[in-house]
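After the structure tokens below, expect a handful of questions from me.
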Amino acid sequence: MLRTHTTLAAALVALLATPALTVAAMGQETRATATAKLDSEFAASDTNKDGYLSLAELEGRVAKMKIRGKTLDAVHAKRVAALVMARGDLDKDGRLSRAESDQLMGAVFSAYDLNHDGKVDAAEAARARAMADGVAKGGAAPKK
Ligand SMILES: [Ca+2]
Ligand SMILES: [Ca+2]
């Protein structure tokens, strides 16, 4: 079960664990390259091509995400999608716009760029992977 105090971290990790934006690929990732990956990720997730991610589209995407080779079960996929929406839907219209998605990605990046040098280095990526492992097991992410 995702516990309340770990939910944001879990949701952020889940975003990073998408196939196009894998946690493993975060080594030496810069904000610019991460944003470029988000562009293709957003397009792939927007299945009806209306320029917004609905909760259903998010759920569909999350359900296909692999975290260390394992997909989340349906219950966790729904929860993570709901958390991503809750965190990212700034204007509360029930869908994620590109701008909202970009802003969420910025928050994700900042969460992992622990020394704030604009890059997620190998050590920071390793920490992200450890958190992703916690999500894949359905458990809590490591505490700070
Ligand atoms: Ca859409
Ligand atoms: Ca919105």
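All of the numbers you see were taken from the coordinates with simple rules; none came from a lab. Not measured: the values here are computed from a predicted model. No Cβ is skipped: glycine too gets one built from the backbone with ideal geometry, and neighbour counts run over all protein chains shown.
How far is it, in nm, from the label point at K49 to the one at K92 when both lie 7 Å from their Cα along the line to the Cβ?
The answer from the label model is 3.4 nm.
Amide H neighbours of L72 under 5 Å, counting only residues 5+ apart in sequence or on other chains, H built in-plane at 1.01 Å?
M65, I67
Continuing with the same structure: Pull up all non-local amide H partners of D121: gap of 5 or more, or a different chain, and H-to-H distance under 5 Å with H placed in the peptide plane.
Placed amide hydrogens put Q28 under 5 Å from D121.
Right, here's the next one. Pop out the ³J(HN,Hα) list for the stretch 103-110 in order, Karplus 6.51 cos²θ - 1.76 cosθ + 1.60 with θ = phi - 60°, rounded to Hz; leave Gly and Pro as x.
In residue order, the calculated couplings are 5, 5, 4, x, 5, 4, 4, 4 Hz.
Excluding same-chain residues fewer than 8 positions from K70, which aspartates and glutamates have a Cα within less than 18 Å of its Cα?
Result set, ordered by chain and number: E59, D133.
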